[in-house]
Amino acid sequence: MNPPLCPISGLPMKPLFNAQVLGRHDAAFFHSPESGLIQTPQPHWLSEAYASAITATDVGLVGRNIHNRTHVSWTLSFLGLDKGPYLDLGGGYGLFTRLMRDDGFDFHTTDPYCENIFAKGHEPGPGFTAQAVTAFEVFEHIPDPLTFIKDAFARYQTRNIIFSTLTYGEAPPARDWWYWCFETGQHITFYNRHTLALLAEKVGCHYFSLNDEFHVFTEQPLTRIQKLVLSNRRARKLYDKYTRKRRRRTGLTLPDYEVARTRLRASQAAPAA
């Protein structure tokens with residue numbers, strides 16, 4: 001059997017280890033020395049893993065969305081991407097989109113595997129375009145990140161993406177790394193910063209990260225001042241302090257309520273079929 005090819009470098013990957021996922025499926029994990037990508041190819045158990053879109057172990061879902069809200073609001077303003085609209089890919093229940101709309105950002109959400117509960121009516125329609133897209137806890141779920149990004153950029157006419165995935169260091173992590181999540185079977189692809197830098201290069205973007213989890217691909221390169229702010233934690237705090245008032249926006253909660261109420265009244269007034 002030939003080794004699988006890395007979806008980023010296109011070169012053969014090397015065996016890393018085997019592990020049991022979902023408590024019963026044997027999975028072979030491979031590593032690409034060129035790109036740093038780690039992956040288990042042909043994960044035949046995914047339909048079983050996604051029987052419930054949100055796993056029982058995802059106890060950090062609410063806290064993570066609140067955390068992302070703060071980082072994304074800051075990043076969009078910092079990069080001058082503050083006009084919108086925006087789209088959250090793999091948006092789950094729509095909680096992040098609701099939080100961002102409450103903060104005044106025109107966010108929409110899409111997720112083929114999960115019901116949108118908190119941001120109903122804010123799904124992308126035909127021809128929808130975005131100034132930027134986001135993807136949180138998505139990249140470790142997809143088999144081909146290069147195609148995923150290219151498709152999103154083409155469909156929504158943007159070249160800016162903010163996303164999260166926990167990166168590992170120079171060497172592949174040990175088998176007891178918590179982010180493997182063998183019990184859930186949903187994490188199939190893993191990255192380090194070299195992987196993400198190469199991925200950004202492949203899609204013609206510039207890459208930077210705020211930490212090991214929070215990453216950004218942008219169409220435009222960072223200015224010298226932006227690089228200075230990002231490279232120095234103290235400078236970042238000062239920037240945040242002195243721009244907080246300017247970054248404050250009018251929330252969309254009340255307008256969204258009026259739209260939702262109008263739609264509900266219209267549906268109630270419609271004649272029964």
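Specify the residue that is nearest to the chain's Cα centre (by Cα); the eligible residues are those in the stretch 178-208 that are surrounded by fewer than 16 Cβ atoms within 10 Å (Cβ to Cβ) and either under 15 Å from Y168 (Cβ atoms) or of a type in the set (A, V, I, L, M) (or both).
Among those residues, the one meeting the criterion is Y179.
For the stretch 236-273, which residues satisfy the criterion of being surrounded by fewer than 10 Cβ atoms within 10 Å (Cβ to Cβ), of a type in the set (D, E, K, R) and more than 26 Å from R98 (Cβ to Cβ)?
K241
Restricting the search to the stretch 76-108, which residues are over 23 Å from D151 (Cα atoms), part of a helix (DSSP H, G or I) and not small (G, A, S)?
Within the stretch 76-108, F78, L95, R98, L99, M100, R101, D102 qualify.
From P41, P112, which residue is without any contact (Cβ under 8 Å) to a residue 40 or more places away in the chain and part of a loop (DSSP other than H, G, I, E, B)?
P112
Run down S32, S73 and say which single residue is surrounded by 18 or more Cβ atoms within 10 Å (Cβ to Cβ), out of contact with any strand residue (DSSP E or B) (no Cβ under 9 Å at 6 or more places or on another chain) and either in contact (Cβ under 8 Å) with a residue 24 or more places away in the chain or within 26 Å of S209 (Cα to Cα) (or both).
The unique qualifying residue is S73.
Yes/no matrix, rows are residues, columns are (1) over 11 Å from the mean Cα position of the chain (by Cα); (2) surrounded by fewer than 23 Cβ atoms within 10 Å (Cβ to Cβ):
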| residue | (1), (2) |
| --- | --- |
| D88 | no, no |
| L99 | yes, yes |
| D106 | yes, yes |
| G125 | yes, yes |
| Q131 | yes, yes |
| T134 | no, no |
| E137 | no, yes |
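Does the stretch 228-235 contain any residue that is loosely packed, with under 10 Cβ neighbours inside 10 Å, under 29 Å from V138 (Cα atoms), out of contact with any Cys (no Cβ under 8 Å at 6 or more places or on another chain) and not hydrophobic (A, V, I, L, M, F, W, C)?
yes
Just so you know, all these numbers are worked out from the coordinates, no wet-lab data involved. Computed from a predicted model, the values in this text were never measured in an experiment. Reconstructed Cβ throughout: ideal geometry from the backbone, glycine too, with neighbour counts over all protein chains shown.
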